Amino acid sequence: EVGLNSSYLSHHFHKETGFKFKEYLIKTRINYAKKLIRANNEMITYACFESGFNSYSAFSRAFIDTVGCSPSDYAQKHNGNITK
């Protein structure tokens, strides 16, 4: 839509931010999911889909890779919510 090749745009995004676009997107989505889990005591599956993941398994893997614990452990640690 902006007339730039996606590879070119990705290269410059990485150059300017230090992150690959996909890494940045996942980190942003996980941070939003963490916010939903903490602030609103939302169900984990709601946070998963609301933050832009298409499956719970992909969300869970990304969450563990990014945060270092499962979404359930994170919820329990921060507000006692263990609802999936």
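The values are calculated or read from the model by the stated rules, or taken from the named source; none is laboratory data. What you see is a predicted model, and the numbers here were worked out from it, not measured in a lab. Glycine also receives a Cβ, built like all others from the backbone with ideal geometry; neighbour counts cover every protein chain displayed. When the accessible area is computed, the model is the full protein with side chains, heavy atoms only, and any ligands, DNA or RNA have been set aside. Shrake-Rupley method; radii C 1.70, N 1.55, O 1.52, S 1.80 Å.
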Name every residue in the range 33-49 that is open to solvent by 90 Å² or more (accessible area, probe 1.4 Å) and part of a helix (DSSP H, G or I), in order of residue number. Lys35, Arg38, Tyr46, Phe49
Please find, among Gly52, Gly3, the residue that is at positive phi and either open to solvent by 80 Å² or more (accessible area, probe 1.4 Å) or out of contact with any Leu (no Cβ under 9 Å at 6 or more places or on another chain) (or both). Gly3
Selection count where residues are more than 10 Å from the chain's Cα centre (by Cα) and farther than 16 Å from Asp73 by Cα, scope the range 1-38: 22
Return the pairs, sorted by first residue and then second, in which the second residue is open to solvent by 40 Å² or more (accessible area, probe 1.4 Å), the first residue lies in the range 43-60 and is polar (S, T, N, Q), the beta carbons are less than 8 Å apart, and the residues are 6+ apart or on different chains. Thr45/Tyr56; Thr45/Lys84; Ser51/Arg29; Ser51/Tyr32
Members of the range 1-24 found to be in a helix (DSSP H, G or I) and farther than 25 Å from Ala58 by Cβ, listed by number: Tyr8, His11, His12, Lys15, Glu16
